[in-house]
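For reference, the structure discussed in these notes is given below.
The values are calculated or read from the model by the stated rules, or taken from the named source; none is laboratory data. Worth saying up front: this structure is predicted, and the values here are computed from it rather than measured. So basically every Cβ, Gly included, is an ideal-geometry build from the backbone, and we count neighbours across all protein chains shown.
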Amino acid sequence: MIRIPCCIIGDGITGVSMSFELAKNNIDSIVLQGPKVIEKDSAFLNNMSTFQSGILQSFKYKPGDFSTREFLKDGTPKVADYLFHLQSSRTKLNSINDEISDFISSEEGVLNIPKKYFENTLKEKLSILNFDKYSKPLDEDIAKGLCGRFYRDDGSIYINIPDTTFDLDAIVQLLKKEILNTKDPKPGKTIFIPSQTTDINIKKQEGQYLIRKDGQAYLAETLVLAAGFNNDKILKLVDETYEDSSTSLGFVLSLTPNVKNLNFKAPFFTRVSAGETFSTCKHIYGINAHEYVLISNIPNNDIDFNNSYKKNTYTELKNIHDKDCSLKRDSIVSRIAPYFIDGDKIKNSSFSFCIHTSGNRKYEPNYNFQIEENLFNIQPGLATNCFHLVEKTCNKIKSRLTTKNIVKEDISKLTELALSNHKDIKNTTVHSLKQRAWYKTYFQ
Ligand SMILES: Cc1cc2nc3c(=O)[nH]c(=O)nc-3n(C[C@H](O)[C@H](O)[C@H](O)COP(=O)(O)OP(=O)(O)OC[C@H]3O[C@@H](n4cnc5c(N)ncnc54)[C@H](O)[C@@H]3O)c2cc1C
């Protein structure tokens, strides 16, 4: 049996940034990686890879939400705090690794919104958040230049929004690279253990967690669940009575070749108006004729599974919600096609249905976080939330650990384990869009 200060289950953005934070604080950890067979359950491998930073999502809150008791409850940050965390995530990311900034767009997105809605609500929210510089609508010429054919001369207004795109998959890979960097090693060690199967057995033992995986036993002082969609199932393995209050949401997406002369300059464009809501991103990997745009329903049109995901697998949920997908697909196609010269191409595009878990309040970053003193269930809802959550988790772990490091002999055993089946490590390389599970499913 190998004794470890912290075991992290899951190697998405949450698991990887958790191990990074621990290593910085001289705490050793192991990360049990997801086996290839569950690639499809992973939010970061399943979706579009070019993301919005998430600030836009919080505009769906009503201005009154900023002062309600709900948001002031113990342990629940105010929305303004939440936005602050989103903004500071970008700064944190940039400081981790020089290359990371190449994968975060430096430009801001564009929002097209009916004048009335802007005047009545959005302006107020922007000023509460001290985003006053975004309260001035863009000049017509600038808006036209940024939006290309997405510009509509219909009296609505165009504003920049404090939101941008980033490549989540690339960032996960660069974080791993930084953690494993031998030239400038972190004070703590992280060992990524590849898995062959999903089988895992966890028991509480004298206030710690005894984890059996692929024939190896680990005794962990702290356990962090970072397996996204699968967290709930793992939580139940630890103790049947633990309740996960998260929900799961579905998105409909299409990656479409950027058909002729789109002239779309903004990293992403969101249109919010009655009956016409969608969001589109320039895909980071495409250039000129090969450029892709990614189209999706916007966040407040997600499909909410009402916790049914706790009983179903990812694949079952996808099947159950196929009809929602085709309904949304048709409406997205009819709204988006007029923007393209070759609109018919969009009609023939494959649309994908993706799922990710979120908070009990949509996009709230802080829920179900500490189940026991030494058991953490982290589902950030948005990737951008996880930097704030892992910092918080690390502080809690730091304050209670009795041993921060793994003994030398066990490090050698773990290294062997890590290397013995490393071919099974999910291979998501920074530059290959085609590696992604989502792309494979729909384009090959
Ligand atoms: C279509 C779509 C669009 C999105 N858009 C945005 C956006 O614009 N902005 C934003 O900030 N966020 C966005 N998100 C949310 C974002 O993807 C997630 O919040 C984020 O990826 C969650 O990270 P995670 O590491 O917690 O979980 P995941 O990305 O799901 O990673 C979990 C990892 O755990 C592994 N795993 C699973 N089960 C096990 C197991 N039993 N043992 C070991 N390992 C296991 C998986 O293989 C995976 O690698 C979007 C999500 C989707 C699906």
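Miscellaneous remarks
Every residue, every condition in (1) under 28 Å from the mean Cα position of the chain (by Cα); (2) surrounded by 14 or more Cβ atoms within 10 Å (Cβ to Cβ); (3) closer than 24 Å to Pro380 by Cβ, yes or no:
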residue: Asn94; (1), (2), (3): yes, no, yes
residue: Ser105; (1), (2), (3): yes, yes, yes
residue: Lys115; (1), (2), (3): no, no, no
residue: Leu146; (1), (2), (3): yes, yes, no
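- Residues of region 221-239 include none that is surrounded by fewer than 23 Cβ atoms within 10 Å (Cβ to Cβ), part of a loop (DSSP other than H, G, I, E, B) and either within 16 Å of the ligand (Cβ to nearest atom) or at pLDDT below 75 (or both).
- Looking only at region 240-261, and only at residues there that are more than 13 Å from the ligand (Cβ to nearest atom) and in a strand (DSSP E or B), the one that is surrounded by the most Cβ atoms within 10 Å (Cβ to Cβ): Thr256
- Extreme residue, nearest to Asn319 (Cα to Cα), among residues of region 209-220 that are crowded, with 19+ Cβ neighbours inside 10 Å and not β-branched (Val, Ile, Thr): Lys213
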